[in-house]
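S.K.: What follows is a structure written as structure tokens; I'll ask about it next.
The values are calculated or read from the model by the stated rules, or taken from the named source; none is laboratory data. From a predicted model like this one, the values you see are computed outputs, not experimental measurements. Here Cβ is always computed from backbone atoms with ideal geometry, including for glycine, and neighbour counts include all displayed protein chains. For accessibility, only protein heavy atoms count, side chains too; no ligands or nucleic acids. Shrake-Rupley method; radii C 1.70, N 1.55, O 1.52, S 1.80 Å.
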Amino acid sequence: MKGTILFFDAQGKPLGQAPLETKFTAEGDQIKSFKAVADHNVSGYAFASLQAGPVPHPLPVPPNLSISDETGTLGIGTLKLIKQNDFTKVSGWVSVKKPGTLRFDATLQFYDAEGRELGTATVKGTGVGSTGESLSATTFETAGKGDLTGYKSVKVKLNSADPVQ
């Protein structure tokens, strides 16, 4: 099995991640131990999520990237939300819509039908910019504090977008 364990603090902010690669044969309901080393100190985590892969994506091609930040740099779409305890696991597609390769940090802001903010989730990554003739998109997974599943609208706030040399 290959994957990544994502760690979040009590407010749903990413703390770090740990790659996971282990071999085992599961026979029924069993607990298997494993070791993984995180890229940062995650000892104070409140929520962890296993992003296993590779997993086939039954998503539209090209993905729907209808949600953009105000500058038109990032496109977000095809969101899937699953509530788990006091957090909501958020997955979807992200695309850099400007030329070049960018390291980005964005906040997804989820709102109810009356325009009240339900909560946020952070999306960080590196993406190759799309051109007029081609689309470059990748999947992401993150988490937000609280129940975001009843959202009616989402805004993308681009915190940073730095060129990768």
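S.K.: Suppose each label sits 7 Å from its Cα in the direction of the beta carbon; what would the Ser153-Glu21 distance come out to in nanometres?
M.R.: The modelled label-to-label distance comes out at 4.5 nm.
S.K.: Mind ranking 137-144, 31-38 by how tightly packed they are, going by the mean number of other C-beta atoms within 10 angstrom, highest first?
M.R.: Values: 137-144: 20.6, 31-38: 9.2.
Highest to lowest by the protection proxy: 137-144, 31-38.
S.K.: Right, something else. Which entries in the list Lys32/Lys157; Lys23/Lys98; Lys35/Lys157; Lys35/Lys89; Lys35/Lys98; Lys35/Lys97 go over 32 Å, if you measure between the two C-alpha atoms of each? Write out the running numbers ahead of the final one.
M.R.: Details: Lys32/Lys157 40 Å; Lys23/Lys98 40 Å; Lys35/Lys157 35 Å; Lys35/Lys89 23 Å; Lys35/Lys98 39 Å; Lys35/Lys97 38 Å.
Beyond 32 Å: Lys32/Lys157; Lys23/Lys98; Lys35/Lys157; Lys35/Lys98; Lys35/Lys97.
S.K.: While we're on this one: Tell me the carbon and sulfur percent of the accessible area for the chain, rounded to whole percent, probe radius 1.4 Å. Before the final figure, lay out each step's value.
M.R.: Numbers: 5080 of 10020 Å².
On the chain, the fraction of accessible area on carbon and sulfur atoms equals 51 percent.
S.K.: Now for a different question. Just to check I understand the Karplus step: with θ = phi - 60° and J = 6.51 cos²θ - 1.76 cosθ + 1.60, what whole-Hz values come out for region 30-38, glycine and proline as x?
M.R.: 9, 9, 10, 7, 7, 10, 8, 10, 7
S.K.: Measuring with a 1.4 Å probe in the full set of protein chains, what accessible area per residue, in whole Å², belongs to region 94-139?
M.R.: On the way: 2370 Å² over 46 residues.
For region 94-139, the per-residue accessible area is 52 Å².
S.K.: Continuing with the same structure: Taking R0 as 25 Å, what FRET efficiency do you get between Glu117 and Asn64 from their Cβ-Cβ distance, rounded to the nearest 0.05? Could you put the intermediate results ahead of the total?
M.R.: On the way: r = 23 Å, r/R0 = 0.92.
My answer for the efficiency is 0.60.
S.K.: A follow-up question, please. Using θ = phi - 60° and the Karplus form 6.51 cos²θ - 1.76 cosθ + 1.60, what ³J(HN,Hα) does each residue of region 149-165 get, whole Hz, x for Gly and Pro?
M.R.: 5, x, 5, 10, 8, 9, 10, 10, 9, 7, 7, 7, 8, 10, x, 9, 7
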